[in-house]
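Colleague: Quick one: the structure is below, and I'll ask about it shortly.
Laboratory data are not the source of any read-out in this text; all were calculated from the coordinates shown. All values reported here derive from a predicted model rather than from experimental measurement. Methodologically, a virtual Cβ is constructed for each residue, glycine included, from the backbone with ideal geometry; neighbour enumeration extends over all protein chains shown.
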Amino acid sequence: MCRISGAVEYRPMRPTVVLLLASLGFAAGPALRIEGTVGRDGVAKPALELTLADLAAMQQSSVGGRTPHGEMHQFEGVLMSEILRRAGLPQGEDVRGPMLARYIVVSGRDGYRAVFSPPEFDPAFTNNRAILANKMDGQPLSDHDGPLRLVLWGEKRETRWVRMVERIEVLAAPDGR
């Protein structure tokens with residue numbers, strides 16, 4: 001707003017300013033919540049919340065992948081192994097015994113979910129790379145796919161690629177006794 005000789009004149013904000021303010025507000029809140037991790041000792045770790053800025057500050061990796069429409073794209077983001085390590089999930093030699101009775105549920109904003117075992121994201125167990133992508137072909141993911149998308153390099157089908165990822169849960173399988 002500006003003053004013109006005692007009167008107040010309202011001017012609409014420029015679209016770029018509105019977009020900038022909206023993106024700053026969106027980026028400030030947590031984009032991802034990881035909960036349910038326990039150490040090898042069985043002690044629960046606090047939930048980890050990461051903003052888009054936190055994820056952008058982490059080491060980025062890239063993988064090629066084919067979308068459901070058969071198109072090849074290059075995805076960039078953070079390795080799932082690194083995200084889970086920061087959340088306190090044991091990896092490597094520490095994944096044995098009770099840790100193998102845990103599973104990971106990755107959930108998207110649209111309700112889509114996929115289940116994984118911890119070794120599927122651990123480089124000590126597999127050469128397949130899974131990233132939580134925030135870019136495709138050098139551009140931020142669209143609202144339809146992002147802001148975060150789980151991309152699994154090496155899978156023959158993309159049915160476990162979760163788009164609009166907002167939560168990762170580490171859960172224990174029920175005791176079968």
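Colleague: In whole Å, what three semi-axes, largest first, describe the equivalent ellipsoid of segment 67-117 built from its Cα gyration tensor (square root of 5 times each eigenvalue)?
Modeller: So the three semi-axes of segment 67-117 are 26, 15, 11 Å.
Colleague: Sort all Cα-Cα distances of segment 65-177 into consecutive 5 angstrom bins from zero, then give the percent of pairs in each bin up to the one containing the longest distance.
Modeller: Result, from short to long distances: 2, 12, 21, 25, 19, 11, 6, 3, 1, 0 percent.
Colleague: Compute the separation of the alpha-carbon centres of segment 87-129 and segment 32-63 and state it in Å as a whole number.
Modeller: Segment 87-129 and segment 32-63 have Cα centres spaced 12 Å from each other.
Colleague: Mind giving me the FRET efficiency for ALA124 and THR159? R0 is 25 Å, r the Cβ-Cβ distance, nearest 0.05 is fine.
Modeller: Calculated value: 0.50.
Colleague: Which GluC sites (Glu not before Pro) does segment 22-116 hold that lie in a coil by DSSP with at most 10 other beta carbons within 10 Å?
Modeller: GLU71
Colleague: Next question. With a point put 7 Å past each Cα toward its Cβ, work out how far MET72 is from ARG85 in nm, to one decimal.
Modeller: For MET72 paired with ARG85, the spin-label model returns 2.9 nm.
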